[in-house]
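The values are calculated or read from the model by the stated rules, or taken from the named source; none is laboratory data. Keep in mind that this is a model prediction, so the values were computed, not measured. Positions of Cβ are generated from backbone atoms using ideal geometry, with glycine treated the same way; all protein chains shown enter the neighbour counts.
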Amino acid sequence: MLEIRNLHVETDGKPILKGLNLKVSPGEVHAIMGPNGSGKSTLAHVLAGRDGYHVTDGEVRYLDQDLLDKAPEERARDGIFLAFQYPVEIPGVSNVYLLKAALNAVRKQRGEPELDAMDFMSYVRARMKLVEMDDSFLSRAVNQGFSGGEKKRNEILQMAVLEPRLAILDETDSGLDIDALRIVAGGVNSLRSPERATILVTHYQRLLDYIIPDFVHVLAGGRIIRSGGRELALELEERGYGWVLDQAKAAGAEAVA
Amino acid sequence: MSESFAERLLAGLSGQQQALPGASHPWVAALRRDALTRFRELGLPGARNEAWKYTRLNALERRSFQPADPAVALPDLGDLLAAAPPLRAVFVNGRFRAEASALAGLPAGARLCPLAEALEQDDGTLRERLAGGVVDEDAFGALNAAFIGDGLLLELAADCVLEQPLLLLFVSIAGDDYVSHPRNIVVAGRHSRATVLEAYVGPQGGSYFTNASTELYLAPGARLDHLRRQDEAAGAFHLGRVRARVERDAGYRSQVFSLGAQLARLDLDVHLGQGAECDLDGLYLAAKRQHVDHQTRVEHAAPHGRSAEYYKGVIDDAARAVFSGTVLVQPDAQKTDAQQMNRNLLLSPRAEVDTKPQLVIYADDVKCAHGATIGQLDPVEMFYLRSRGLDETAARELLIHAFANELVDRVADDGLRAFIFRCLDARLPGREPLLEGE
């Protein structure tokens with residue numbers, strides 16, 4: 001589904017990703033962990049098509065097409081969804097309006113008709129239950145005045161509504177209390193399916209107690225220096241990142257500041 | 001240049017004063033005469049007048065204006081009145097038209113009177129407000145007084161509550177080179193409450209000149225919601241002023257929507273007594289070569305007053321917007337809480353905005369803050385929307401709507417909000433409906 005080969009990315013003239021490789025197949029959940037500044041969020045942003053990142057080498061194939069050539073909205077319509085680490089507040093735009101505009105854009109791409117008002121509302125309400133949101137969220141402006149937990153739940157709601165093929169969650173767990181984390185994880189888990197892949201970008205193992213990954217990758221110094229199963233995350237939790245970095249260094253990989 | 005314009009304007013209007021309502025009452029004649037003298041003394045404001053520094057009147061000065069024809073045939077108002085509040089006074093080319101108005105069902109204690117009628121009848125309230133009063137320091141205010149002739153007088157007795165919003169609709173119909181001088185006066189008694197919307201529209205186009213003045217007197221404890229929608233024809237000139245005197249513990253809410261005219265300006269002056277408060281919202285949209293200027297001045301004259309001002313502008317193409325907001329806190333006005341913010345969204349590299357928020361504070365125990373921003377569409381917000389599947393154009397239009405809509409959403413009355421929204425929506429790019437629940 002997604003294949004990243006030798007990806008090099010710069011921002012403000014500074015190299016961030018330095019030869020990253022990753023392959024994600026339908027049905028899989030990949031966790032990308034790593035110390036601060038390792039390039040985790042850069043990877044998430046580059047996949048979603050954010051401006052300000054310059055790809056200097058490598059390629060990203062998604063559904064057998066070149067992903068990097070596409071505008072952010074084309075990627076979204078092709079089924080890529082990024083849950084933002086810092087969801088953006090948009091005063092004056094109601095949640096329900098954005099959900100409807102987004103869903104219709106995606107449905108159009110899939111060759112499906114727009115939902116009428118009643119079908120749309122029942123479609124959205126069913127998904128709001130997943131993240132325990134009540135109707136009052138719909139009329140509120142997008143993320144404006146939301147608590148940290150509400151913002152993240154709102155991201156998961158958008159994801160549930162858009163039903164992406166590839167969901168990228170950028171530090172969705174950061175800043176969440178345990179109740180909010182449970183709700184968010186429950187929402188993500190309910191969307192797991194054999195056709196859908198998920199990339200979890202996280203700093204903490206805690207999230208992976210609730211969303212069990214198939215693969216865990218350690219990103220450091222702009223490349224993946226170690227990959228493994230869920231047990232790798234537990235080991236990182238126990239021992240920190242130091243030992244992986246040391247091993248990587250010993251193996252000749254580039255040192256990380 | 002300005003002298004010649006002033007003289008030409010007066011020549012065009014000569015003999016008009018004698019034909020205006022109430023000319024036989026000495027105080028009315030004196031008011032007009034003094035105001036005319038004042039206008040001649042002041043002359044048109046030029047570049048050296050700080051308050052007019054960024055607003056040149058050349059386009060206006062090139063024109064000659066005749067009095068508006070008061071007897072013009074009533075235009076079809078169907079579209080204009082869609083979604084309009086039921087209680088309304090309609091004026092065409094500055095003159096009250098009873099046949100298009102609907103003023104029945106007023107509560108006891110509320111009195112509505114067309115100003116022409118009040119002038120003719122030598123109305124006591126009107127005389128009390130206007131006779132021997134200070135003539136406007138603003139040239140166009142003086143000009144308005146010199147030709148005072150019609151508009152609306154609304155008087156609310158103490159404790160009177162006008163539950164329905166009142167619409168004052170000023171329709172200018174096609175025809176170049178005429179000027180009207182509407183004057184509205186609201187006298188709100190103690191603890192009375194009302195909502196008044198002034199709307200200035202020019203549905204047929206034309207390059208007429210509206211020179212409108214509104215005076216508001218809020219007795220202690222009164223509440224007035226005052227909306228003002230300026231939606232003049234694209235070729236029109238609109239110079240307006242609102243003066244509000246807000247007495248002890250009274251509350252004034254002003255919501256201004258400035259959308260039309262090639263040259264539009266509003267001077268809004270608010271005087272706050274002890275414990276009085278005002279909320280001043282403003283939204284201006286300017287595109288093509290429009291020029292829009294808002295000058296606000298809030299004077300805190302006594303302690304414990306509160307003022308909150310929020311003006312936003314969307315400026316596109318080669319348009320230019322001016323905002324100047326002054327908050328004046330007098331020595332006695334301790335414990336004043338004054339906030340002021342002006343935000344501008346520039347959509348084109350040729351668009352221009354001049355913003356000047358000013359605090360002048362003579363008291364030492366006050367809470368005051370002000371600020372101004374000028375920016376473009378936020379790239380992070382753009383990316384967020386695009387990452388949800390909206391294309392660049394849709395995302396851009398949505399954000400512009402949202403920026404403007406914030407102020408529409410603050411209109412408390414559902415009907416008025418819809419009424420304001422209709423005209424705003426047509427002015428914004430995209431014209432995608434964005435009503436709540438859509």
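Couple of notes before you dig in:
- Some residue of the stretch B:235-253 being in a strand (DSSP E or B), among the β-branched types (Val, Ile, Thr) and either surrounded by fewer than 20 Cβ atoms within 10 Å (Cβ to Cβ) or touching a Leu at 6+ places or on another chain (Cβ under 6 Å) (or both): yes
- Given (1) buried (at least 21 other Cβ atoms within 10 Å of the Cβ); (2) over 14 Å from the mean Cα position of the chain (by Cα); (3) polar (S, T, N, Q), number of the condition residue B:213 does not satisfy: (2)
- Residue within the stretch A:99-107 that is closer than 25 Å to residue A:200 by Cβ, within 12 Å of another protein chain (Cβ to nearest Cβ) and touching a residue at least 60 places away in the same chain (Cβ under 8 Å) present: yes
- Flag for residue B:334 being of a type in the set (S, T, N, Q), touching a strand residue (DSSP E or B) at 6+ places or on another chain (Cβ under 9 Å), at pLDDT 95 or above and crowded, with 16+ Cβ neighbours inside 10 Å: no
Let's see how each residue does on (1) at pLDDT 95 or above; (2) in contact with a helix residue (DSSP H, G or I) (Cβ under 7 Å, 6 or more places away or on another chain):
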site	(1), (2)
B:198	yes, no
B:201	no, yes
B:207	no, no
B:211	yes, yes
B:216	yes, no
B:222	yes, no
B:231	no, yes
B:238	yes, no
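- Residue match in the stretch A:116-138 (condition: within 30 Å of residue B:343 (Cβ to Cβ), of a type outside the set (Ser, Thr, Tyr), crowded, with 17+ Cβ neighbours inside 10 Å and touching a Gly at 6+ places or on another chain (Cβ under 8 Å)): no
- Odd one out for residue A:197 among (1) within 21 Å of residue A:45 (Cα to Cα); (2) modelled with pLDDT under 95; (3) out of contact with any helix residue (DSSP H, G or I) (no Cβ under 9 Å at 6 or more places or on another chain): (2)
- Filter pass, residue A:145 being farther than 27 Å from residue A:46 by Cα, modelled with pLDDT under 90 and not in a helix (DSSP H, G or I): no
- Filtered residue count, the stretch B:351-367, keeping only those that are among the hydrophobic types (A, V, I, L, M, F, W, C) and within 30 Å of residue B:290 (Cα to Cα): 3
- Set side by side, the residues B:391, B:365, B:409 differ, and just one is surrounded by fewer than 22 Cβ atoms within 10 Å (Cβ to Cβ) and at pLDDT below 90, which is B:409.
- Odd one out for residue A:138, checked against (1) at negative phi; (2) within 8 Å of another protein chain (Cβ to nearest Cβ); (3) touching a helix residue (DSSP H, G or I) at 6+ places or on another chain (Cβ under 6 Å): (2)
- Close pairs from the stretch B:76-102: first within 20 Å of residue B:178 (Cβ to Cβ) and in a loop (DSSP other than H, G, I, E, B), partner of a type in the set (S, T, N, Q) and modelled with pLDDT of 95 or more, Cβ under 9 Å, at least 6 apart: B:94/B:210
- The listed residue being buried (at least 23 other Cβ atoms within 10 Å of the Cβ), modelled with pLDDT under 95 and within 22 Å of residue A:157 (Cβ to Cβ), out of A:184, A:218: A:184
- All of A:55, A:60, A:88 fail the test of being in contact (Cβ under 8 Å) with a residue 24 or more places away in the chain and within 14 Å of another protein chain (Cβ to nearest Cβ), apart from A:88.
- The criterion of being surrounded by 14 or more Cβ atoms within 10 Å (Cβ to Cβ), under 19 Å from residue A:1 (Cα atoms) and either without any contact (Cβ under 8 Å) to a residue 24 or more places away in the chain or out of contact with any Cys (no Cβ under 7 Å at 6 or more places or on another chain) (or both) does not hold for residue A:193.
- Among residues of the stretch B:110-121 that are within 21 Å of residue B:30 (Cβ to Cβ), those with a beta-carbon under 8 Å from a residue that is among the charged types (D, E, K, R) and part of a strand (DSSP E or B) at least six positions away or on a different chain give the pairs B:115/B:183; B:116/B:95.
Residue-wise test of (1) surrounded by 13 or more Cβ atoms within 10 Å (Cβ to Cβ); (2) of a type in the set (Phe, Trp, Tyr).
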residue: B:5; (1), (2): yes, yes
residue: B:70; (1), (2): yes, no
residue: B:73; (1), (2): no, no
residue: B:78; (1), (2): no, no
residue: B:91; (1), (2): yes, yes
residue: B:97; (1), (2): yes, no
residue: B:101; (1), (2): yes, no
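- With respect to the conditions (1) assigned to a loop (DSSP other than H, G, I, E, B); (2) within 25 Å of residue B:177 (Cβ to Cβ); (3) modelled with pLDDT under 90, residue B:21 lacks only one, and its number is (3).
- Test for residue B:378: is it surrounded by fewer than 17 Cβ atoms within 10 Å (Cβ to Cβ), without any contact (Cβ under 8 Å) to a residue 60 or more places away in the chain and either of a type in the set (A, V, I, L, M, F, W, C) or away from chain A (no Cβ under 14 Å) (or both): no
- Residue pairs whose Cβ atoms lie under 6 Å apart, sitting 6 or more positions apart in sequence or on different chains, and linking a residue in the stretch A:70-82 that is crowded, with 19+ Cβ neighbours inside 10 Å to a partner that is of a type in the set (Val, Ile, Thr) and at pLDDT below 95, are A:77/A:106.
- Some residue of the stretch B:146-163 being at pLDDT below 90, among the acidic types (Asp, Glu) and closer than 30 Å to residue B:18 by Cα: no
- Some residue of the stretch B:401-415 being more than 12 Å from chain A (Cβ to nearest Cβ), farther than 24 Å from residue B:294 by Cβ and within 23 Å of the chain's Cα centre (by Cα): yes
- Elements of type helices (runs of 4 or more DSSP H) in the stretch A:18-127, at least 2 residues being of a type in the set (Ser, Thr, Tyr): A:40-48
- Check on residue B:72, in contact with a strand residue (DSSP E or B) (Cβ under 8 Å, 6 or more places away or on another chain) and within 27 Å of residue B:421 (Cβ to Cβ): no
- Residue check, residue B:193 of a type in the set (D, E, K, R), touching a strand residue (DSSP E or B) at 6+ places or on another chain (Cβ under 7 Å), over 17 Å from residue B:115 (Cα atoms) and modelled with pLDDT of 95 or more: yes
- All positions within the stretch A:74-85 that are more than 13 Å from residue A:164 (Cα to Cα) and either within 10 Å of chain B (Cβ to nearest Cβ) or hydrophobic (A, V, I, L, M, F, W, C) (or both): A:84
- Close pairs from the stretch B:318-339: first closer than 18 Å to residue B:308 by Cβ, partner of a type in the set (Lys, Arg), Cβ under 6 Å, at least 6 apart: B:324/B:356; B:326/B:297; B:337/B:306; B:337/B:367
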